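Since the structure comes first, as structure tokens, the remarks are kept for the end.
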Amino acid sequence: MTQDELKQAVARSAIDYVVENEIIGVGTGSTANFFIDELAKIKHKIKGTVASSEATAARLRGHGIDVFDLNDVAEIAVYIDGADEIDASGAMIKGGGAALTREKIVASVSKQFVCIADGSKLVEVMGKFPLPVEVIPMARASVARALAKLGGTPKLRLKPGTEEAFVTDNGGYLLDVAGLSITDPKALEAQINQIVGVIAVGLFAARGANVCLLGTAEGVKTLKF
Ligand SMILES: O=C[C@H](O)[C@H](O)[C@H](O)COP(=O)(O)O
């Protein structure tokens, strides 16, 4: 099976976690896109969605699915999203698709977090995938120095094919931090949150996944945390 087929399989399985007549939080990225396409088939069964990025909002609306502003929503039944890495405790690295801050906000108000990923995303120790950190542009260099002190090698994310900084939906910059071996994700998340100028870190440990649907050649495996 190709990686896309594995992603499609978990996206299909995630439909079982959609709560009828409720608001669904929707993530960002290639796996989340497959989920959106599946959600479109049962759109009449849900109240609507909250999106974690402009790209996701556009794809949802393109399917005729209602997208609410989070400020108009009191509660989200379930948040469904991909991950760049996930460990055995349900902690994740996210933000490869640049949406980490809004993803973290939507996840924080959701009763359940269902992570959908192909099997290659499950790792023993996270950190091989560079950890994305969203920063206020003027603090790019000072935050980079603080991250280097934690043992990482931060690199400013650029717009593909240019020398210009990539700008997020929130007007932030992204530092992708390589070389970390994340043995205590909760502690590192708390430490990075303390750095002045950080908007959000793509480490989802304090609020990790409740369930992970993992696409493997033997079928979709369900991990519960
Ligand atoms: O910002 C993007 C998100 O955190 C994605 O969920 C993550 O990058 C995984 O993306 P994909 O499903 O494309 O591998």
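The values are calculated or read from the model by the stated rules, or taken from the named source; none is laboratory data. For clarity, every value in this text was computed on a predicted model and none was experimentally measured. Using ideal geometry, Cβ is built from the backbone for each residue, glycine included, and neighbour counts are taken over all protein chains shown. These area figures cover heavy atoms from the full protein model, side chains too; ligands, DNA and RNA do not enter into them. Shrake-Rupley method; radii C 1.70, N 1.55, O 1.52, S 1.80 Å.
Here are some notes:
- The chain, accessible area per residue, ligands and nucleic acids excluded (1.4 Å, Å²): 46
- The convex hull built on the alpha-carbon positions of the chain has an orientation-averaged projected area of 12.0 nm².
- Distance from the C-alpha centroid of the range 121-141 to that of the range 16-69: 26 Å, rounded to the whole angstrom.
- Computed FRET value (nearest 0.05) for LYS111 with THR162, which takes r as the C-beta separation and R₀ as 41 Å: 0.50
- In the range 1-70, GluC sites (Glu not before Pro) in a DSSP loop with at most 12 other beta-carbon atoms within 10 Å: GLU20
- Projected label points at ALA88 and LYS221, each 7 Å from Cα along the beta carbon direction, are separated by 1.1 nanometres.
- Value of D in µm² per second that Stokes-Einstein yields for the range 131-201, Kirkwood Rh from Cα pairs, at 4 °C (1.567 mPa s): 106
- Where only alpha carbons of the range 142-183 are counted, the Rg and the Dmax (Å): 11.6, 34
- Of ALA146, LEU174, GLY161, farthest towards positive along the dipole that unit charges on Lys, Arg, Asp, Glu beta carbons give the range 131-201: ALA146
- Neighbour cut-off at most 10 other Cβ (10 Å), DSSP loop, trypsin sites (Lys or Arg not before Pro), the range 84-157: none
- The range 1-77: chymotrypsin sites (Phe, Trp or Tyr not before Pro) in DSSP coil with no more than 16 other Cβ atoms inside 10 Å: PHE68
- With a Förster radius of 25 Å applied to the C-beta separation of ASN170 and LYS45, the computed FRET efficiency comes to 0.20.
- Only protein atoms count toward the accessible area here, which uses a 1.4 Å probe; on the chain, the carbon and sulfur part of that area reaches 51 percent.
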